1. Which entries of Lys195/Lys216; Lys135/Lys185; Lys185/Lys223; Lys185/Lys227; Lys195/Lys250; Lys12/Lys229 show an alpha-carbon separation above 30 angstrom in the structure shown?
2. For Glu11 and Asp33 in one chain, what is 0.36 nm times their gap in residues minus the Cα-Cα distance, to one decimal in nm?
3. Show me the GluC sites (Glu not before Pro) within the stretch 265-340 that DSSP assigns to loop and that have at most 14 other Cβ atoms within 10 Å of their Cβ.
4. Can you work out D for the stretch 130-232 in µm² s⁻¹ from Stokes-Einstein, where Rh is the Kirkwood radius over C-alpha pairs, the temperature is 10 °C and the viscosity is 1.306 mPa s?
5. Please compute one quarter of the surface area of the Cα convex hull for the stretch 257-374 and express it in square nanometres.
6. Out of the stretch 312-416, which trypsin sites (Lys or Arg not before Pro) are coil in DSSP terms and have no more than 11 other C-beta atoms within 10 Å?
7. How high is the relative contact order of the chain, given as a whole-number percent (alpha carbon pairs under 8 Å, six or more residues apart)?
8. When only alpha-carbon atoms count, how far does the stretch 1-102 stretch along each of its three principal axes, as whole angstroms with the largest first?
Amino acid sequence: MSIQYFIDLYEKNAMTEATLEEMEHFAFSANDDELFILAQLYAALGLASKAVDVVEPLLEKYPNETNLKTFLADLYLDLAEDEKVLDLLSSNEEQTDVNLLMLEADMYITQGLFEVAEEKIKKALALEPQNNLIKLAYAEFYHHIGEFEAALNLYLDLVDFGLSNEINVYERLATCYSHIGEFEKAVEQFDLSEKFFGDLTTDQLFNKGFLAFTLKQYETARKVFEKLKEVDPTYDSIYPLLSKMAFNEKDYEKTLEWVKEGISYNEYNPELFFLKASALEGLQLIEEARDAYYEALNLDPDDITSALRSNAICFQLEDYEEVIANINHYEESGLTDERFTWDLALANLKLEEYDEAAQYFEQAYPLFKKDVDFLYDYSQFLVEEGLREKAASTLNQLLSIEPTHAEARELLDNLM
């Protein structure tokens, strides 16, 4: 039995429990080179602890063998034995071995000690300034800590290296450009990634589509999202964006189609229910729209826009009691908005609860004294209360803001 026997079994994916026992017996008579290969086989099989048992004695025998050190350090990392990694790497006192320096950097990155990690990378790069793998690791380091401009400068110098070594630098460039607000360049990098490295992953497709959406390149965004949908229809983040694009084009039926499909994959996304409500409003199906806004609020109790829109629909339906009940419920749940005071004033006015209306109008006035619609509502209330002089003053205030307000002008003329 030779070491080649075990290599052949591994390559044929034919390793068994019996084979592992044979490997243990073989280790007793194996030479050092064969032991190192055995350790590599153990590591490849995910048996890091067995690999460590083989490598540790070898390193004691060959303490200056860098390959053994780096291999053992990787095994310790796999076993989450960070202290052993640091102890092992600290023996690299002169710090002249690039591989060990890079392992140290990885170790410090996992511990969040980024300044120390960067020092190790810098030392490695100083030793081998033309080593593109170190430059790539440096770029990845900056990318990891969110220093995207610094990462970008390094990645740009590595494009040719990436192409010749089948390393997709374009995807990283796209990420960096998007983080610094260069969205058009980011989209271009995704195009280059697709050109040289084939189909984008689902996440890359989403990011490309989202960037196009942000740039208002809606046709591009739609095509990318629909391609993503073909690859993975359960990627539910696309449906709110597809719905928004249809809604912006006033295609409310299509909006509802996208919403329905999105909800089939994620029934807990409040944005989809908000878009459903908005589309139903566009179709003048206001009662259904109100119910959809309520569904959005059930999923996101802090959704103030849905709260205000549902109140507006209640006013259209002349359901003033529900306006008041809604606001009481929202405020009990911790949701507040200045507009609630105005809505309470108007709802109480419609219900002829004049004392309550007066109280809320007084509270709302400092908040909305420059809002033409509020001033008109307030003026109507003052007229009904017989406060003609105050009503005239409020109407004059309104007309100073919007002189062409015909209803306010007519109401003021009637007071004269």
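1. Exceeds cut-off: Lys195/Lys250; Lys12/Lys229.
2. That pair, Glu11 and Asp33, stretches by 6.0 nm at full extension.
3. Passing sites in the stretch 265-340 are Glu267, Glu318.
4. 114
5. Numbers: hull surface 30.5 nm².
In nm², the orientation-averaged hull projection of the stretch 257-374 is 7.6.
6. The qualifying sites are Lys370.
7. 4
8. 43, 25, 19
A short reminder: the numbers here are calculations on the coordinates, not readings from a lab. On a predicted model such as this, the values are computed, not experimentally measured, just so you know. Methodologically, a virtual Cβ is constructed for each residue, glycine included, from the backbone with ideal geometry; neighbour enumeration extends over all protein chains shown.
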